[in-house]
1. Give the residues of region 184-211 that are outside any loop (DSSP other than H, G, I, E, B), in contact (Cβ under 8 Å) with a residue 60 or more places away in the chain and open to solvent by less than 20 Å² (accessible area, probe 1.4 Å), sorted by residue number.
2. Of all residues being open to solvent by less than 20 Å² (accessible area, probe 1.4 Å), part of a helix (DSSP H, G or I) and aliphatic (A, V, I, L, M) in region 44-62, which is nearest to T365 (Cα to Cα)? Just the residue, please.
3. Kindly indicate the residue of region 174-183 that is among the hydrophobic types (A, V, I, L, M, F, W, C) and assigned to a helix (DSSP H, G or I) and also surrounded by the most Cβ atoms within 10 Å (Cβ to Cβ) among those meeting that condition.
4. Among the strands (runs of 3 or more DSSP E) confined wholly to region 63-160, which include 1 or more residues that are under 16 Å from R319 (Cα atoms)?
5. Here is a check on your reading of the model: is E305 open to solvent by 20 Å² or more (accessible area, probe 1.4 Å) and either closer than 23 Å to S101 by Cα or at pLDDT below 95 (or both)?
6. Give the number of residues within region 212-226 that are among the β-branched types (V, I, T) and crowded, with 21+ Cβ neighbours inside 10 Å.
7. Applying the selection to region 324-339, what residues are surrounded by 15 or more Cβ atoms within 10 Å (Cβ to Cβ) and modelled with pLDDT of 95 or more?
8. Does region 121-129 contain at least one residue that is surrounded by 15 or more Cβ atoms within 10 Å (Cβ to Cβ), over 21 Å from A263 (Cβ atoms) and touching a residue at least 24 places away in the same chain (Cβ under 8 Å)?
Amino acid sequence: MSTENTDTCSRTGNEWGAGSRQAHEQYPDPESPPPGWNNLRTDAGEIRMKFSIASWDSSTWEDYEKPYPNCLTHSPPGEAEWGHVGGTNFLAVGEKGSGKSTLGLYWAARLMEVNNEAVVWRGSSSRSEWLPFKHWTKLLLPANAKADSAWKPRDIREQNAGEAADLTEIVREVEYYDDPVDLNDRLEPGKFHVVYPDPSFTGCERIMRESDFSPQPVEFTPQADVEADEEATPVVHWWFAWMVAKLEYGPYDWTSLIFDEAADLAPDDARADQAQTYEKVQALRRVMADSRKFYFSLFFFAHHEQNVHAKIRRTIQWRLSMPDGTANPCQSNGDNAPVGFRQIPMKYDMQSDKNVGHGLMWTETSFSRFMWDDIPVDSVDENRWLKISLAPHSTGARVTETAKAGRGVSDD
């Protein structure tokens with residue numbers, strides 16, 4: 001489908017992300033809405049406009065196709081249109097080039113549109129696939145870390161160290177959180193949040209120690225505090241504490257996590273190492289088992305299902321097969337059901353000949369074929385990506401002020 005990669009929304013003359021409801025300073029305070037509030041577009045509406053994505057229409061789905069609308073449509077008790085109540089999850093499996101990142105963005109836009117929920121995208125120092133949504137991004141960085149940001153060339157053969165990047169000129173909002181509990185208080189409905197984990201792990205040990213979701217107290221050792229014969233805790237482990245905090249302390253509004261490279265977090269070979277990876281995976285399993293009733297959804301992407309720990313795979317109710325040139329699991333090939341499933345509903349291969357943009361979502365009893373739209377980066381970002389590196393403040397200085405695009409960021 002055609003896309004509009006200009007910097008300005010043609011219907012209003014406003015820059016993308018500047019004229020929506022979520023961009024207003026009073027959002028989401030309902031007590032004193034500004035004049036014409038109800039006439040403002042949402043971020044999800046602008047995203048659909050920019051990338052030519054049709055609005056959601058649940059009437060196009062039949063009862064036998066319900067895995068997709070059931071997974072997408074998050075409903076409280078007594079209001080479930082498709083039968084499932086509360087948060088959902090899926091594991092999307094596909095090789096590089098199968099469109100996982102684009103599907104993640106498309107799914108985020110649908111979650112915002114259909115459920116008006118806060119979407120959290122896993123930020124990583126090694127990639128920035130979220131950039132197509134930069135105009136609507138609320139970037140959340142740890143207050144107890146120093147952030148260095150630079151534009152890097154996509155072609156690694158270029159002898160270019162990159163150029164400094166001003167985050168406040170790239171995204172709509174930049175905010176700094178103190179710990180996972182504070183971060184959750186900063187999430188807002190209908191917004192796209194990109195979250196980078198805290199390398200200082202502030203508050204993480206306390207959160208895990210005080211929670212029944214963690215089978216035992218676990219340690220988080222920042223790289224700066226490593227002593228002889230010790231290993232630093234992988235920064236990705238911060239996400240375990242964040243997810244536990246989401247269930248323990250709320251707030252309990254609709255929230256979805258989109259996490260690419262799920263094997264980074266819960267590898268199949270997790271063991272009781274110095275970082276206590278296995279113990280933390282156990283905590284994640286308990287979080288996922290209870291996340292539904294806390295209005296929390298988790299969507300994982302991986303290259304191979306077997307790379308993700310079996311304890312996590314057993315708790316996932318939806319699978320998603322990507323178009324990567326291989327057959328989806330099916331009865332005609334004699335495939336076994338994945339871990340956590342008792343059977344496969346597909347009789348035949350439907351994916352191996354499909355192009356990028358065609359997916360298959362399935363449960364034990366039924367499946368849905370669906371398509372997603374292309375979501376390219378703006379032309380200015382075609383040959384570059386954004387690297388955000390974080391390191392704990394060596395002096396203990398803390399950045400606590402909120403910065404929005406065009407405003408300064410101060411260190412206390």
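1. N184, F192, H193, V194, V195, M208
2. Restricting attention to region 44-62, the residues satisfying the condition of being open to solvent by less than 20 Å² (accessible area, probe 1.4 Å) are 44-47, 50-51, 53.
This time we only want the ones that are part of a helix (DSSP H, G or I), so: 44-47, 50-51.
Imposing the further condition that a residue be aliphatic (A, V, I, L, M) reduces the set to 44, 47.
On the way: A44: 32, I47: 33 Å.
Ranking the candidates gives A44 first.
3. L183
4. Answer list for region 63-160: 89-93.
5. Taking the combined requirement at face value, the residue satisfies it.
6. Here is the first cut: in region 212-226, the residues among the β-branched types (V, I, T) are 218, 221, 226.
Pick out the ones that are also crowded, with 21+ Cβ neighbours inside 10 Å and you get 218.
Qualifying residue count, region 212-226: 1.
7. Of everything in region 324-339, those that are surrounded by 15 or more Cβ atoms within 10 Å (Cβ to Cβ) and modelled with pLDDT of 95 or more turn out to be N328, P329, C330, P338, V339.
8. Within region 121-129, not a single residue is surrounded by 15 or more Cβ atoms within 10 Å (Cβ to Cβ), over 21 Å from A263 (Cβ atoms) and touching a residue at least 24 places away in the same chain (Cβ under 8 Å).
The values are calculated or read from the model by the stated rules, or taken from the named source; none is laboratory data. From a predicted model like this one, the values you see are computed outputs, not experimental measurements. In this analysis, Cβ positions are derived from the backbone assuming ideal geometry, glycine residues included, and neighbour counts consider all displayed protein chains. The accessibility values were calculated without ligands, DNA or RNA, using every heavy atom of the protein model including side chains. Shrake-Rupley method; radii C 1.70, N 1.55, O 1.52, S 1.80 Å.
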